[in-house]
1. Does the stretch 465-498 hold any residues that are touching a His at 6+ places or on another chain (Cβ under 8 Å) and modelled with pLDDT of 95 or more, and which are they?
2. Going through A270, A246, A240 one at a time, which residue ends up being over 27 Å from G87 (Cα atoms), among the small types (G, A, S), assigned to a helix (DSSP H, G or I) and open to solvent by less than 60 Å² (accessible area, probe 1.4 Å)?
3. Just need a number here: residues in the stretch 171-197 that are in a helix (DSSP H, G or I) and either surrounded by fewer than 24 Cβ atoms within 10 Å (Cβ to Cβ) or of a type in the set (D, E, K, R) (or both).
4. Report, by residue number, each residue of the stretch 92-144 that is over 14 Å from T161 (Cα atoms) and among the basic types (K, R).
5. Is it true that C372 is closer than 25 Å to G207 by Cα and either acidic (D, E) or at pLDDT below 95 (or both)?
6. Being in contact (Cβ under 8 Å) with a residue 24 or more places away in the chain and hydroxyl-bearing (S, T, Y) is the filter; apply it to the stretch 483-515 and report the residue that is surrounded by the most Cβ atoms within 10 Å (Cβ to Cβ).
7. If a residue counts only when it is of a type in the set (F, W, Y), which helices (runs of 4 or more DSSP H) contained entirely in the stretch 320-396 have at least 1 such residues?
8. Has the stretch 406-424 got at least one residue that is in a helix (DSSP H, G or I), open to solvent by 20 Å² or more (accessible area, probe 1.4 Å) and closer than 23 Å to M191 by Cβ?
Amino acid sequence: MQNDKFAPPPMGFVSAPPQPGYPQSGYPQPDYTPADTYGGPPPPPPEPNLNHPTRVDRPREGCFKRNQKNKPQSNAVGSAGIIFISGGMNIAWAVGFRGPIAYYSTKHNYIAWFIAAIIGALISCALANKVAKKFVLLFASVLVAVGGLIIACSHNNGPATVAACYLDGLANGLIFAPFVALAGEIAVPYMRGKVSASLEQLCFGTGILLQIVYVSSWTYSTYTSYKDFTAENMKGVLSAIYGFMALILGWFMTIESPVLMLVNNDEQGAIDALRRLQKPSVLSEETYDQLAEHKRYLAQNKDMSLGQSISQALPTFIRLAYLRVLNAMSLSSHVIIALALSIYASYGLASAQGWYIGFALCRWLGTFIPSCFMESLGRKNPTVFGLLLCCGMSFALGSQYDLYTLLSNVTILLMVFQFFAGMASTATSAYLSEAYPLGVKQHFIAFTFVTEMFVFLIISVCDFNLMQGYNYFYVMGGMYLTGFLLGIMTLPETKMLTLRGAQQRFSSFVNLRFN
């Protein structure tokens, strides 16, 4: 792969006059002339300078202008975000936010989505860098749309619900790793955290919020007929809409990774992708700066063997998988059961709707606020702060969980806990998109996702002990305390760093810096 920003003019022809949008100065010129290469191939390009600074400066233009300029980057992965909204709805449904069910169901009905998500993520490992991400997205969009139509058109049909959950979970698992990786590779360093968090954590959180709001607001009649339109059917309609939206938008807006184009020796394709990822879509000095940085990123990774990549990725996997396990525990079926008990015991059934919506809003705001300020607050600060507060909230929940006192204050504590749990988990999206070595990036992102889904599955299978529910919160408090200490000592701060710089930070297990 050539490292020159542009090739020397053809021999025997006069160079064309400078064209607008192409670099005119500040770029290295070749130190040979056409006469030096007459009758033979040109000399090999110089090696990328790996000592080039890895930290970038945020442009002085305002936040609105930066967002508008880089809007195509979020649009390129936005279709996957729509599918994640459907996934968030199914997660909320599986952990307990669902309307009355008039068909025979087992635990398999409620873990089917997690099983399918694990299968989809493992399949995505086999497809990594072999099938274009756009085609994977379009296939996943069809799965989501079909799954939604099955639920929308069926009434009190358990097998149909299981089939739809499998289709939706498979779709989410298929696109998770490719598009989290893509978000990190197409976003400029000063927008990468926001794009990644908005794509994954915020979209899943939005789906959870929508599911809780419409299920808790639904009017349920005492006497219902077989053909009534239920909350289950509404979930299917929304999922079908998301699937068709993702299919249409994905066809027109998805842009492949310029990094992988360079891996495949398609430099012109990489340049064109970088051009389309910014507004206005013209070649500029910034385009060639990004191209040069991608080449340096490839040069840093190309000499790493598979064994070296795996050995560097494993410590990172331990850190990020542990954080994702805590994310799953904070929103598990056990937490939802404790929430329902506390609401009914302390406030009564009539006030349940408001408390459920408040619970969902707290979780969503805990994700939304750090996502918007990811590049100013950074990754590490909100994460360790959220972990510390979640630790305190978990121990407080354990101490207040007492059926004899009607679970006094548990509802409010759970709402505060959800806010900080969302804050603690938001930055994991950015970390996933930038931490792993290029050769094994998609595989380890998928393994991290599989670990999280496996925890959801295990907790959903286990029965919740109503009398001793405080044990769950005490265990979770201890795990959050461990996560807080792990975060302080090992999590790096990667805001405003290139992918190369972020990978260098994660290559060291101990990271005590907060900047």
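1. Matches in the stretch 465-498: Y472 only.
2. Sole residue among the options that is over 27 Å from G87 (Cα atoms), among the small types (G, A, S), assigned to a helix (DSSP H, G or I) and open to solvent by less than 60 Å² (accessible area, probe 1.4 Å): A270.
3. The qualifying residues number 3.
4. Those that are over 14 Å from T161 (Cα atoms) and among the basic types (K, R): K130, K133, K134.
5. Yes: the conditions hold for C372.
6. T494
7. By residue number, 333-346, 352-372.
8. Checked the stretch 406-424: at least one residue is in a helix (DSSP H, G or I), open to solvent by 20 Å² or more (accessible area, probe 1.4 Å) and closer than 23 Å to M191 by Cβ.
The values are calculated or read from the model by the stated rules, or taken from the named source; none is laboratory data. Everything numeric in this text was worked out from a predicted model, so none of it was measured. Cβ sites come from the backbone with ideal geometry, for glycine too, and all protein chains shown count toward neighbours. For the accessible areas, the whole protein counts, side chains as well, though only heavy atoms, and no ligand, DNA or RNA atoms are used. Shrake-Rupley method; radii C 1.70, N 1.55, O 1.52, S 1.80 Å.
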